Amino acid sequence: MNKPYVLHGWHLSYFSGKTRAYLRYKGVPFEDRPVDALTLMWKIPRKTGAAVMPVVVTPDGQWLQDTKDIAAAIEQRFPEAPVTPATPRQRIAALLLEAWADEWWIPHAMHYRWIYPENYRLFQADSGDGLLPWFPRPVKNRLAAYVADKMRGYLPAVGVIPEQRAVMESWTEAMLDALERHFAAMPFLFGTRPSVADFGLIGPLYGHLGRDPWPKKHLVEPRPHLKAWIARMNAPRVRGGDFLPDDAIPETLAPLLHAVFHEFYPMLEGIRDEVRASLKTLKPGRARLPRALGMIEFPMAQGRFRRAAMPYTLWMMQRVLDAYGALDAAGRASVDAWTAAQGAPEAMRFDIGVRLKRVGLHVKVEG
């Protein structure tokens, strides 16, 4: 019998939800294993260089970390029904939405998890059972409390502070309303097949908003089409369906794309400026950038939002720009016309300023 793939992750985990849904869609035979303390703190760092989840172990013993690397490896081995559109506009739009889902939604997911006490019992149970499966409940609860305190300690850096609660909640509800309207008309973001954008978005909308009791009750349950999409994304299904013909971008995605070009891009500019400033202070010979840099400010909904600059987000944008650069002249012209119609004619000429390489949870400057 062939060995299955192994997914090390939690249902609580933002990015584990993305990878689990993807493996199910691709029909990958895998074991879903909650991450215990030994695996998280020793095995995974020894194999990948970082104490993170999810990690996928292949039947031939490769340990894959980062959802983009996992998907790239799986697409090569299971090429049927690819999740990245082949046509230029849909390809770039899907990659942009994946980057936005991966990076922009983190404060919102953490906000709804940690400010509502109703969510803690589920976190306590899932994290305690995952980390210490054979230990008595009081020991599990103590470790869960320690992990919860560590997670709460990250909230100010990502902008989850009382002064920004109103703008986050206003933005989230408006975006969920837009998704509800879209999924009333279409099963996935770009048609009848899920794309990399769907898998990016399922991260926050399953692990946090779709499972944690407060947002599940107040944000997801009242939006039946959004709820049905979350269920579709998590159900094993026959691969099939297709993206819309003629490289069409659904009109119902307009609110999401406005957020990408007019909120996410200003955040990227702020991160780029922080990276440029930090390069002047790096010690000679050190190319790896800190996980977080200084605070930046950018638009959100009808207000402004402040959080720490994360250089990793620029690496995500670099992937999009590389995909654009790989298009032929006609494809690039088509994308440029589409971004111009979005009010962002120079979107694909965004200047990161340096070439970045991912190293675990960090990025470093190449060359």
Item checked: Residue list for the stretch 342-359, filter: in contact (Cβ under 8 Å) with a residue 60 or more places away in the chain and either surrounded by fewer than 16 Cβ atoms within 10 Å (Cβ to Cβ) or over 20 Å from Glu274 (Cβ atoms) (or both) -> Gln342, Gly343, Ala344, Ala347, Met348, Asp351, Gly353, Val359
Note to self: Out of the residues in the stretch 194-216 meeting the condition of being among the charged types (D, E, K, R) and either free of Cβ contacts under 8 Å to residues at least 24 places away in the same chain or touching a strand residue (DSSP E or B) at 6+ places or on another chain (Cβ under 6 Å) (or both), tell me which one is farthest from Asp246 (Cα to Cα).
What the structure shows: Lys216
Next item on the list: Considering only the stretch 315-336, state which residues are open to solvent by less than 30 Å² (accessible area, probe 1.4 Å) and in a loop (DSSP other than H, G, I, E, B).
Entry: Leu327
Checklist line | When residues of the stretch 225-243 are limited to those that are open to solvent by 50 Å² or more (accessible area, probe 1.4 Å) and touching a residue at least 40 places away in the same chain (Cβ under 8 Å), the one nearest to Gly203 (Cα to Cα) | finding: Arg232
Next item on the list: State which residue pairs qualify: first residue under 16 Å from Asn234 (Cα atoms) and inside the stretch 16-44, second residue surrounded by 19 or more Cβ atoms within 10 Å (Cβ to Cβ) and basic (Lys, Arg) in any location, beta carbons under 7 Å apart, and separation of 6 or more residues or different chains.
Entry: Asp32/Arg20
Margin query: Tell me whether the stretch 270-289 contains one or more residues that are over 22 Å from Gly360 (Cα atoms) and buried (at least 21 other Cβ atoms within 10 Å of the Cβ).
Written below: no
Notebook entry, point to check: Thr339 versus (1) part of a helix (DSSP H, G or I); (2) open to solvent by 20 Å² or more (accessible area, probe 1.4 Å): which is the lone unmet condition?
Noted result: (2)
Notebook entry, point to check: Any residue in the stretch 80-91 that is acidic (Asp, Glu) and within 30 Å of Thr252 (Cα to Cα)?
Noted result: yes
Next item on the list: Check Ala292, Ala259 and return the single one that is assigned to a helix (DSSP H, G or I) and of a type in the set (A, V, I, L, M).
Entry: Ala259
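The values are calculated or read from the model by the stated rules, or taken from the named source; none is laboratory data. Since we're looking at a predicted model, the values are computed, not measured. A quick note on method: Cβ atoms are made from the backbone with ideal geometry, for glycine too, and the neighbour counts reach across all protein chains shown. Just so you know, the surface numbers come from the protein's heavy atoms only, side chains and all, with ligands and any DNA or RNA stripped out. Shrake-Rupley method; radii C 1.70, N 1.55, O 1.52, S 1.80 Å.
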